[in-house]
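Quick notes on the structure that follows.
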Amino acid sequence: MRHHVQQFRIDNWPQVKFWYLDKFARECGTEIKKDFPIFVVMVDGEPAAFYYASPHVAIWPTVHPELMSARAFLETARSVIASTKQSFCNPLWFIDPQSRLADPDLLQRVGLTKRDLSIFQP
């Protein structure tokens, strides 16, 4: 048996109300964020899932291990992070877990917060 799958884009709060997506989200154990667009996935004419989709800039930093003092690194990192946030809103910073940069305390000092997320690519 094949299932009929459709997706619909929601761009504002009145559409959330029209689709009763806030009720559906509560049934799923969550709340709708006002973070648009939201896509509703319908399976055989019934809501089955929803997801948020927003483009993000991805940053993969590399820092030379010997060219900056600790203080210069902190000042430089804070400046770069502030300017990328201003230019790209909310960029994602990808740091290899083996990198010396992958220290949550260090990253917090320069303005980055570690998130426990799993990332998947097609």
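None of the figures in this text is laboratory data; all of them are computed from the coordinates on show. Computed from a predicted model, the values in this text were never measured in an experiment. Heads up, the Cβs are rebuilt from the backbone with ideal geometry, glycines too, and the neighbour counts pull from every protein chain shown.
Which GluC sites (Glu not before Pro) in the stretch 1-70 sit in a loop by DSSP (not H, G, I, E or B) and have at most 11 other Cβ atoms within 10 Å of their own Cβ? Mind showing how you got there, number by number?
Numbers: sites: E27, E31, E66; in loops: E31, E66.
Answer by residue number: E31, E66.
Can you give the extra length, in nm with one decimal, that the chain gains between A58 and S118 once fully stretched, where that is 0.36 nm per residue apart less the Cα-Cα distance?
Details: separation 60, 0.36 × 60 = 21.60 nm, distance 1.50 nm.
Extra length from A58 to S118 when fully extended: 20.1 nm.
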Label-to-label distance, nm, for residues given as N90 and D105 (7 Å Cα→Cβ offset): 2.9
Helix axis angle, 70-88 relative to the chain longest principal axis, alpha carbon, degrees: 30
Tensor-based shape of the stretch 5-52 (alpha-carbon gyration tensor, a/c under 1.5 rounded, otherwise prolate or oblate): oblate
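May I ask for the Rg/Rh ratio of the chain, computed from Cα atoms with Rh as the Kirkwood radius, given to two decimals?
Values: Rg = 20.0 Å, Rh = 17.8 Å.
Here Rg/Rh amounts to 1.13.
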Amide hydrogen neighbours beyond the local backbone of W93, cut-off 5 Å, H modeled: I59
Long-range amide H partners of A49 with built H, under 5 Å: V41
Alpha carbon centroid spacing (whole Å) that separates the stretch 67-107 from the stretch 22-37: 32
